[in-house]
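Data first, discussion second: the structure below is written as structure tokens.
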Amino acid sequence: MTSTGPATTAGTPPRPEVQRRILTVLVASQILSGAGLAAGVTVGALLAQDMLGSTDLAGLPSALFTAGSALAAVAVGRISQARGRRPGLTAGYLTGAVGSAGVVAAAVADIPVLLFIALFVYGAGTATNLQARYAGADLAASGHQARAVSTVLVATTLGGVTGPNLAAPTGAFAEHLGIPHLAGPFLLSGAAYALAALVLALRLRPDPLLLARTLAEEKEAAAATDPAPGSADDTTDGRAGVVLGALVMVVTQLVMVAIMTMTPVHIHDHGHGTAASGLVIALHIGAMYLPSPLTGWLVDRHGHRKVAAASGITLLASGILAAIAPGDSVALLALALVLLGLGWNLGLVSGTAIINDTVPLATRAKTQGLVDVSIAVAGATGGMASGIMVAATSYPALALTGGVLSLALLPAVAATAYRR
């Protein structure tokens, strides 16, 4: 009897077929979770402001999302490390669903303390949505890992666009049920996260991380004298690779969040309404995710170091343009934010590829969780520091500082390129 493809383990379909199935399941779960994430974030600050009757703590939901996301990233990483991607991601989305239900309950009971606790728990959905990208690369063939990561990332865009547009109808539905209008999107978030968890629990089989480990063990056991050829551009010392991958993603997250956070304020201060700032942010978010397939191809084709360097240069261009653009020029600010989103995308995909390439399967999920914690902390730091810096100096100073900071990626990439 002849085999129709490269076998993995007894009874397991050929690896390409398994990878296609896993990517399909991950895409479906990302569309759902993206809708849940975007719907809740859209009204979180407004709900807090409405319940408190003040804007003093309206920014607290964003901080709570981030803090909850950081803690959940560790938990999801550890569960995935011990038991596989399926239980790790499922647990993360279920926790996000519980947080969503808690927000609705807090709104109905009008208990602000419960709202803040629930928002912290809700942050688990954010962490899980981001961690799912790693699962796409577990079984990807050599030279196609970045494209697999990008496929999972771009799926988030579909849900991310749908979620905010459902804020109004879900609010009306909530009022029909006797629930405050602004809690309506969290009904959608809870349902979306729960469905994402269900899809993963039922369909993410075989578990990509566990199967990847099995394949690696078989390869080691049956290894001949010739090791698999690797890309000369992508050969990186393990520890240096982890540091570089984390640095790329931390810097891009810090710069992106800092400039993005204050751009709507800058636009508003120059006499433009929410429609203008909404358009700029929408274009920015599109640039964060939609180029993912192209970015993945560039990483697989030309190496992650070159794309990481391109990320730093793109972010520099964004910062300079945002700094010199007249405050009343929505078009130039929109272009600057598109470059900001593109630079972030280049950094996230290349940084993820570096981590995947340099961390052994035995410790990969745990390390990925810890790296995502640093990304969450960087985002929180960028958001908080941006307001302080603009108050002390100006928006152009913030944008230029962010652009210059991104140049730190270039010497870091160069240093590891010659570390052999």
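For every residue, the table says whether it meets (1) in contact (Cβ under 8 Å) with a residue 40 or more places away in the chain; (2) aliphatic (A, V, I, L, M); (3) in contact with a His (Cβ under 7 Å, 6 or more places away or on another chain); (4) more than 17 Å from Gln145 (Cβ to Cβ).
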site	(1), (2), (3), (4)
Thr295	yes, no, no, no
His302	yes, no, no, no
Ala309	yes, yes, no, yes
Ser318	yes, no, no, yes
Ala322	yes, yes, no, yes
Ala331	no, yes, no, yes
Ala336	yes, yes, no, yes
*Could you tell me whether any residue of region 260-278 is modelled with pLDDT of 90 or more and in contact with a helix residue (DSSP H, G or I) (Cβ under 6 Å, 6 or more places away or on another chain)?*
no
_I'd like the residue in region 335-367 that is in a helix (DSSP H, G or I) and β-branched (Val, Ile, Thr) and, out of all such residues, is farthest from Tyr395 (Cα to Cα)._
Thr358
*Can you spot a residue in region 400-410 that is in a helix (DSSP H, G or I), of a type outside the set (Asp, Glu), farther than 12 Å from Leu315 by Cβ and touching a residue at least 60 places away in the same chain (Cβ under 8 Å)?*
no
*Could you pull out the residue among Ser374, Ser394 that is surrounded by fewer than 18 Cβ atoms within 10 Å (Cβ to Cβ), under 19 Å from the mean Cα position of the chain (by Cα), at pLDDT below 95 and not basic (Lys, Arg)?*
Ser374
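Quick grid of which residues meet (1) of a type in the set (Lys, Arg); (2) crowded, with 24+ Cβ neighbours inside 10 Å; (3) over 17 Å from Gln253 (Cβ atoms); (4) in contact with a strand residue (DSSP E or B) (Cβ under 6 Å, 6 or more places away or on another chain):
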position: Leu335; (1), (2), (3), (4): no, no, yes, no
position: Trp344; (1), (2), (3), (4): no, yes, no, no
position: Leu348; (1), (2), (3), (4): no, yes, no, no
position: Val359; (1), (2), (3), (4): no, no, yes, no
position: Ala365; (1), (2), (3), (4): no, yes, yes, no
*Within region 156-178, is there a residue that is modelled with pLDDT under 90, under 22 Å from the mean Cα position of the chain (by Cα), more than 30 Å from Met51 (Cβ to Cβ) and not β-branched (Val, Ile, Thr)?*
yes
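The values are calculated or read from the model by the stated rules, or taken from the named source; none is laboratory data. Keep in mind it's a predicted model, so treat the numbers as computed, not measured. FYI the Cβ positions are ideal-geometry reconstructions off the backbone, even for glycines, and counts take in every protein chain you see.
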